[in-house]
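Below: the structure, in structure tokens.
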Amino acid sequence: MTENTLQNKAIKEVWELMLVGFRVLCPDDQYIIEIPKTSLPLNKRISEIKHVKNPLQQVGAFVVEHEFGEEDGYWVCVEVKEFEDIPHDMVTLTITPQRYATLTILK
């Protein structure tokens with residue numbers, strides 16, 4: 001019989017994230033290939049995006065329960081302080097503030 005031990009529990013809060021970058025939309029089995037390919041051009045064009053918070057950090061995002069087709073896919077982005085003069089072939093995505101619980105259980 002295995003005994004489980006609760007090691008760590010926490011409530012995490014994530015503030016609103018304003019993201020600018022590229023949307024990846026492809027068959028499910030292709031995301032593993034397409035996401036890294038999208039990350040490279042974003043890195044090369046980071047200087048075109050205004051108000052970047054941390055140019056060394058990219059953010060990957062997806063909408064879990066999307067209601068509309070434009071919410072489908074995966075976004076490879078950087079976080080910005082505000083949206084301004086978005087490059088014509090890039091998109092914006094706002095992630096609303098969220099609270100969630102985390103648990104770490106060791107076996």
Original post:
When you count, for each residue, the other Cβ atoms within 10 Å and take the mean per peptide, how do 46-52, 28-34, 8-14 rank with the highest first?
Top reply: 46-52, 28-34, 8-14
Subject >> Shape call, the range 18-97: gyration tensor on alpha carbons, a/c limit 1.5 >> reply: oblate
Subject >> Length-normalised contact order for the range 18-97 - Cα pairs under 8 Å, 6+ apart - percent >> reply: 48
Original post:
So how much slack lies between D28 and W15, counting 0.36 nm per residue of separation and subtracting their Cα-Cα distance, in nm?
Top reply: 1.8 nm
Original post:
Arranged by the count of other C-beta atoms within 10 angstrom, fewest first, what order do T102, T92 take?
Top reply: T102, T92
Subject >> Difference of contour (0.36 nm per residue) and Cα-Cα distance, T92 to Q7 >> reply: 26.8 nm
**OP:** Rank these for me by crowding, R23, R99, going from fewest to most other beta carbons within 10 Å.
**Re:** R99, R23
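Only the coordinates and a few stated rules stand behind these numbers; no lab work does. As the structure is a prediction and not an experimental result, all values here were calculated from the model. No Cβ is skipped: glycine too gets one built from the backbone with ideal geometry, and neighbour counts run over all protein chains shown.
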